[in-house]
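Here's the structure, in structure tokens; my notes come after.
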Amino acid sequence: MESLSSTLVSENIGLYLHVPFCKRRCTYCDFVSFTDFSQVKEYFEALWKEIELWSKFLPRIHVETIYVGGGSPSDVPFELLEKTLERIRDMFLIADDFEFTIEVNPNCEFVERLRFLDVNRVSIGLQAADDEVLKCVRRRHSVGDFFRTFETAKNFAKVNVDFIVGLPNESDRTIENDVHVVETLRPDHVSIYLLETHESEFETAISEVVENRYERFVEAVKEMGYDRYEISNFALNNSFCRHNLKYWRNEDYIGLGVAAGGHLGRIRYVNSPRLGEYISKLKEDDFVFDYFSRNDDLQELKETIFMGLRLSEGVNIEKLREIWWMFDPYELFHDLLGEFLEIEDGFLKLTERGFDLSARVLADVIDRVSLMAVGR
Ligand code: SF4
């Protein structure tokens, strides 16, 4: 940790907390979460220890954003979340206008209590406005549960609704329902993800249908006045997720809990995904990194470009030159500029077409940056 204490960190950071428990696993889930709740209490005690350790390294830092994700934070005892926030308040300086987001599965009673935690942003995982799809992927809620939860949350917080396109049993009707939900409720923020598949023959055959559905959903949401400020994220009236903006702008944040990651100055780390190891190491007052590295210039440049191009604002070229002074987007991307990339007011960004083909364009951009370094 010596290298960490010598790292230059901004005065304002984001803080992510991972709650890796779910009462039941959804079929498509790729996240680190456990259905055995026997160690929940011990896990939170370890998390409180990790909060304390980080506060010693970052004593005068302001926490601007807190994001509690999972897993299902709405599945764990409320008192544990309450105590966690108390610890954060005791150990860190909290900015006056801090953003506090929590992810929930539709559950009214839980959400109702969040107002007492000073939560001001609730992210509800609806995934699909279609009970058949929800049942098929073993979600533990109905569309009706979602509506009730949304009504409760909007009384005291900004609300995001998460959707996934490409789930099993989905039909065109599912997407029509999704669009209808956004149209009638007008949440402050909407996230629309395309389910990642692992390319079996069947998956390749259906992928075009799914991609078309995704595009239709995105177009409909844009027509309703939402700003597509990130590839998968849409906001009304500038209700951007300030916490996630820190990721995309490659700013400073710490991640606490199993499998959580952070970026501080040039340091990038990821905690162990193993629950037992996480708990036992923290009992010994030690961090539990699975990965810990100081980015060299090239790595920092690649990360900053890769994350920044996900945003419609793009990435500040001056910032890139501070990392790599010879960086010249005109030379490096000359044949991509116009169709897939553009430069506007000192920012390098994807064009509309580049946004639509972002996976391929980003891969090409990063390859070129790597080659640039070889040829320097
Ligand atoms: S609620 Fe989220 S984290 Fe939990 S199993 Fe379902 S997809 Fe995974």
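The values are calculated or read from the model by the stated rules, or taken from the named source; none is laboratory data. These figures come from a predicted structure and were not determined experimentally. Cβ sites come from the backbone with ideal geometry, for glycine too, and all protein chains shown count toward neighbours. What goes into the accessible areas is simple: the full protein's heavy atoms, side chains included, and nothing from ligands, DNA or RNA. Shrake-Rupley method; radii C 1.70, N 1.55, O 1.52, S 1.80 Å.
Yes/no matrix, rows are residues, columns are (1) in contact (Cβ under 8 Å) with a residue 60 or more places away in the chain; (2) open to solvent by 20 Å² or more (accessible area, probe 1.4 Å); (3) within 16 Å of the ligand (Cβ to nearest atom):
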site: SER10; (1), (2), (3): yes, yes, no
site: THR35; (1), (2), (3): no, yes, yes
site: GLN39; (1), (2), (3): yes, yes, no
site: LEU47; (1), (2), (3): yes, no, no
site: SER72; (1), (2), (3): no, no, yes
site: ASP90; (1), (2), (3): no, yes, no
Kindly state which helices (runs of 4 or more DSSP H) lie completely within the range 275-376 and contain at least 1 residues that are farther than 30 Å from HIS18 by Cα and of a type in the set (Lys, Arg). 317-323, 352-356, 358-374
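Looking at the range 158-177, which of the residues that are assigned to a helix (DSSP H, G or I) and open to solvent by less than 20 Å² (accessible area, probe 1.4 Å) is farthest from PHE217 (Cα to Cα)? Spell out the reasoning first.
Taking the range 158-177 and keeping what is assigned to a helix (DSSP H, G or I), we get 172-177.
Next, only the ones that are open to solvent by less than 20 Å² (accessible area, probe 1.4 Å) stay: 174-175.
Working: THR174: 10, ILE175: 7 Å.
Among residues in the range 158-177 that are assigned to a helix (DSSP H, G or I) and open to solvent by less than 20 Å² (accessible area, probe 1.4 Å), the one farthest from PHE217 (Cα to Cα) is THR174.
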Within the range 345-365, count every residue that is open to solvent by less than 30 Å² (accessible area, probe 1.4 Å) and of a type in the set (A, V, I, L, M). 5
Filter pass, THR65 being within 26 Å of LYS154 (Cα to Cα), within 16 Å of the chain's Cα centre (by Cα) and away from the ligand (no atom under 16 Å from the Cβ): yes
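Select, from GLY314, GLY308, GLY265, the only residue that is surrounded by fewer than 18 Cβ atoms within 10 Å (Cβ to Cβ) and not assigned by TED's automatic domain parsing to the domain that holds ASN233. Give the derivation first.
Working: GLY314 fails: surrounded by fewer than 18 Cβ atoms within 10 Å (Cβ to Cβ); GLY308 fails: surrounded by fewer than 18 Cβ atoms within 10 Å (Cβ to Cβ).
One residue alone meets the criteria, GLY265.
Looking at the range 105-121, which of the residues that are open to solvent by 80 Å² or more (accessible area, probe 1.4 Å) and among the basic types (Lys, Arg) is modelled with the lowest pLDDT?
To start, the set of residues in the range 105-121 that are open to solvent by 80 Å² or more (accessible area, probe 1.4 Å) comprises 109, 113, 115-116.
Keeping just the survivors that are among the basic types (Lys, Arg) gives 113, 115.
Numbers: ARG113: 95, ARG115: 92.
Looking at residues that are open to solvent by 80 Å² or more (accessible area, probe 1.4 Å) and among the basic types (Lys, Arg), I get ARG115.
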Among residues of the range 226-242, those that are surrounded by fewer than 17 Cβ atoms within 10 Å (Cβ to Cβ) and of a type in the set (Phe, Trp, Tyr), counted: 0
Single residue of ILE51, ILE13 found to be modelled with pLDDT of 95 or more and part of a strand (DSSP E or B): ILE13
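Taking into account only those residues within the range 366-376 that are in contact with a Leu (Cβ under 8 Å, 6 or more places away or on another chain) and among the aliphatic types (A, V, I, L, M), which is surrounded by the fewest Cβ atoms within 10 Å (Cβ to Cβ)?
Looking only at the range 366-376, we keep the residues that are in contact with a Leu (Cβ under 8 Å, 6 or more places away or on another chain), and these are 368-370, 372-373.
This time we only want the ones that are among the aliphatic types (A, V, I, L, M), so: 369, 372-373.
Numbers: VAL369: 20, MET372: 17, ALA373: 14.
Checking each candidate, the answer is ALA373.
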When the range 133-157 is examined, which residues are found to be part of a loop (DSSP other than H, G, I, E, B), open to solvent by less than 80 Å² (accessible area, probe 1.4 Å) and either within 13 Å of the ligand (Cβ to nearest atom) or polar (S, T, N, Q) (or both)? VAL137, ARG139, HIS141, SER142
Hey, does the range 12-27 have a residue that's of a type outside the set (A, V, I, L, M, F, W, C), without any contact (Cβ under 8 Å) to a residue 24 or more places away in the chain and more than 16 Å from the ligand (Cβ to nearest atom)? no
